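Here is the structure we will look at, set down as structure tokens.
The values are calculated or read from the model by the stated rules, or taken from the named source; none is laboratory data. None of the values given here were measured: they were computed from a predicted structure. Positions of Cβ are generated from backbone atoms using ideal geometry, with glycine treated the same way; all protein chains shown enter the neighbour counts.
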Amino acid sequence: MSEILENKPAVFSTIADTVCSKLQNAIVEGIIPAGSKISEPALAIEFGISRGPLREALSRLEACNLIERTPNVGARVVSLTPQHLVEIYLIRESLEGLAARMAAENMSDKEINELDELLEKHQQQIKQDQSYYQKEGDMDFHFQIVKGSKNSHLIDMFSNDLYHLIRLYRYQFGMVSNRVQRAFIEHGHIVDAIRQRDGELAQFLMSRHISSSRKNVEKMLDEHLTITD
Amino acid sequence: MSNKLVSPGTRFRLAVEEEKPLQVVGAINAYHARLADATGFRSLYISGGGVAAGSCGIPDLGITTLEDVLIDLRRITDVTDLPVLVDIDTGWGGAFNIARTIRSMIKAGAAAVHIEDQVQQKRCGHRPNKAIVSQVEMVDRIKAAVDAKTDPEFVIMARTDALAIEGLDAAIDRACACVEAGADMIFPEAMTELAMYQKFVDAVGVPVLANITEFGSTPLFTTEELASVGVSLALYPLSAFRAMNAAALKVYSTLREEGTQKNVVDLMQSRAELYDYLAYHDYEQKLDKLFSGDKP
């Protein structure tokens, strides 16, 4: 995860890499708002680069589902909708359940210890300030387990198709605050199952963990919609 | 000009990646920054010698201060988005002064600075009798500068004047020690042969700048020649300044001698051109729009 989030100085990566990662963060943090139009000329001026590498960066953003391009209309940042959010949760229930099962089979003892260390770090962060955990810390945990599956297709689907989109929703919708402590306890149970090499249990716990989050979000959205109706 | 998505430091690094070598051109004042921007340059330079001579009318001997440079920098970053590399001489003091210099530079919109290893009582890099501090002291300067960065992508460039005093190998050693201490780019001052740059490039592993200043120790290598030895940035600190000075002198003396400027009007930029580069008419239209209702 850290290698994705780290803002490496530009001279050490290609131009499109740098621009892509800046735009990813700007979209996730809402500096470029969801649903807004992307202007190529304005971005080229802003970054001080030519159109070639900029288009390359935009293609990558399209590949990770953060922008949508329509012929003759141009590019837009994706719009956030409750339905879309629920769809992502449903896919994660299945995908990450599978990842947890495979992680129980394939993670090394050292990697499992690193998961423990990550949880320990999260516990400190929850005590100090929940916002980091809500925004990024939770994703670190899920990504570690997906990587632990050692299944390259699964890792690819998660890190390219879903990862930034999940970050986007997480950052802008937040985690329902009453869920944070509970979610942390569930993470602990999942790690226990992985350590015991019980793939079936790990899969079940992970699916149920994400499903609980989904139901919580649905409830929140329902209440919110009822109030605003 | 403030910018939410990318800092000037990022823009400078991107420009170094995209244009090889990146031409960094001296702007003696804000109007020249506009001229260079309109001409297509991707990066600007504020020379310490330029601030001393152009803004203060004194020689480049460590007399000007941080504030003198900041005044020129703020005026330039007010009118252009081009990333600006700033000459901060020796950083104007010890570790805390250097830290304050770095923070002030970032606040004023600089993209990059170069800090050198001359003694405080410095001289122009292309003049005799330079003196430099020890490698340890230079590395301390770099550490202080790097530690003070409030934007991780702000560029600290280490300049070494060691070639003329301690020779090529010692200069390269210094540059490597500076990179180790966190310098992002290297500026070997007053190189006399193209092959010297190649040696720096091979040794330091970060972008290297060539100072192609006129009437100095370095031949006027072309961008093609510099690219052939892996140089990443080509600097022209005072080229336009020297030309404008010669033109000014010509106009002054002609006026004085002939009692009219008629014979030198051809040298001058026209009023229309002056206005074009200032976007004068956009300003005028804005004024008309703002106050049209108040007209009698």
The stretch A:30-51, subset part of a loop (DSSP other than H, G, I, E, B) and within 10 Å of another protein chain (Cβ to nearest Cβ), residue surrounded by the most Cβ atoms within 10 Å (Cβ to Cβ): A:Ile49
Residues that are within 12 Å of chain A (Cβ to nearest Cβ), under 14 Å from B:Leu209 (Cβ atoms) and among the aliphatic types (A, V, I, L, M), drawn from the stretch B:6-27: B:Ala15, B:Val16, B:Leu22
Residues of the stretch B:161-177 that turn out to be in a loop (DSSP other than H, G, I, E, B) and over 13 Å from B:Lys199 (Cα atoms), as a count: 2
Residues located in the stretch B:178-199, provided they are in a helix (DSSP H, G or I) and either over 23 Å from B:Glu153 (Cβ atoms) or within 14 Å of chain A (Cβ to nearest Cβ) (or both): B:Val179, B:Leu194, B:Ala195, B:Met196, B:Tyr197, B:Gln198, B:Lys199
Subset of the stretch B:22-62 [free of Cβ contacts under 8 Å to residues at least 40 places away in the same chain and among the polar types (S, T, N, Q)]: B:Thr39, B:Ser55
Identity of the residue in the stretch B:233-259, touching an Asp or Glu at 6+ places or on another chain (Cβ under 9 Å) and in a loop (DSSP other than H, G, I, E, B), that ends up nearest to B:Ser55 (Cα to Cα): B:Leu238
Qualifying residue in the stretch B:38-51 (condition: closer than 26 Å to A:Arg51 by Cα, in contact with an Asp or Glu (Cβ under 9 Å, 6 or more places away or on another chain) and of a type in the set (A, V, I, L, M)): yes
Matching residues in the stretch B:73-93 - criterion: being outside any helix (DSSP H, G or I) and either within 14 Å of chain A (Cβ to nearest Cβ) or free of Cβ contacts under 8 Å to residues at least 12 places away in the same chain (or both): B:Thr80, B:Asp81, B:Leu82, B:Pro83, B:Val84, B:Leu85
Where a residue in the stretch B:135-161 is in contact (Cβ under 8 Å) with a residue 12 or more places away in the chain and its partner, wherever it lies, is outside any loop (DSSP other than H, G, I, E, B) and of a type in the set (Phe, Trp, Tyr), with Cβ under 6 Å and at least six apart: B:Val155/B:Phe12; B:Met157/B:Phe187; B:Arg159/B:Phe187
Number of positions in the stretch B:216-232 that are exposed (fewer than 14 other Cβ atoms within 10 Å of the Cβ) and not in a loop (DSSP other than H, G, I, E, B): 2
Of the criteria (1) over 19 Å from B:Gly216 (Cα atoms); (2) outside any helix (DSSP H, G or I); (3) polar (S, T, N, Q), which one B:Asn129 fails: (1)
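Restricting the search to the stretch B:266-280, which residues are assigned to a helix (DSSP H, G or I) and exposed (fewer than 11 other Cβ atoms within 10 Å of the Cβ)? Break it down stepwise before answering.
Taking the stretch B:266-280 as the starting set, the residues that turn out to be assigned to a helix (DSSP H, G or I) are B:266-267, B:271-278, B:280.
Answer for the stretch B:266-280, where residues must be assigned to a helix (DSSP H, G or I) and exposed (fewer than 11 other Cβ atoms within 10 Å of the Cβ): B:Asp266, B:Arg271, B:Ala272.
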Boolean, B:Thr150 is more than 19 Å from the chain's Cα centre (by Cα) and part of a loop (DSSP other than H, G, I, E, B): yes
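Any chance the stretch B:42-52 includes a residue that's hydroxyl-bearing (Ser, Thr, Tyr), crowded, with 17+ Cβ neighbours inside 10 Å and in a helix (DSSP H, G or I)?
There is no residue in the stretch B:42-52 that is hydroxyl-bearing (Ser, Thr, Tyr), crowded, with 17+ Cβ neighbours inside 10 Å and in a helix (DSSP H, G or I).
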Number of the exception - A:Asp138 against (1) surrounded by 19 or more Cβ atoms within 10 Å (Cβ to Cβ); (2) modelled with pLDDT of 90 or more: (2)
Residues being under 22 Å from A:Ile67 (Cα atoms) and not in a helix (DSSP H, G or I) - total across the stretch A:136-169: 0
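B:Thr213 - would you say it is assigned to a loop (DSSP other than H, G, I, E, B), away from chain A (no Cβ under 14 Å) and either surrounded by fewer than 16 Cβ atoms within 10 Å (Cβ to Cβ) or among the aliphatic types (A, V, I, L, M) (or both)?
no
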Residue among B:Ala38, B:Ala30 that is closer than 15 Å to B:Ala240 by Cα, surrounded by fewer than 19 Cβ atoms within 10 Å (Cβ to Cβ) and either among the β-branched types (Val, Ile, Thr) or within 14 Å of chain A (Cβ to nearest Cβ) (or both): B:Ala38
Enumeration of residues in the stretch B:74-96 that are of a type outside the set (Phe, Trp, Tyr) and either over 14 Å from the mean Cα position of the chain (by Cα) or surrounded by fewer than 22 Cβ atoms within 10 Å (Cβ to Cβ) (or both): B:Arg74, B:Arg75, B:Asp78, B:Val79, B:Thr80, B:Asp81, B:Thr90, B:Gly91, B:Gly93, B:Gly94, B:Ala95
Residue in the stretch B:9-42 that is nearest to A:Lys22 (Cα to Cα), counting only those that are out of contact with any strand residue (DSSP E or B) (no Cβ under 8 Å at 6 or more places or on another chain) and among the basic types (Lys, Arg): B:Arg11
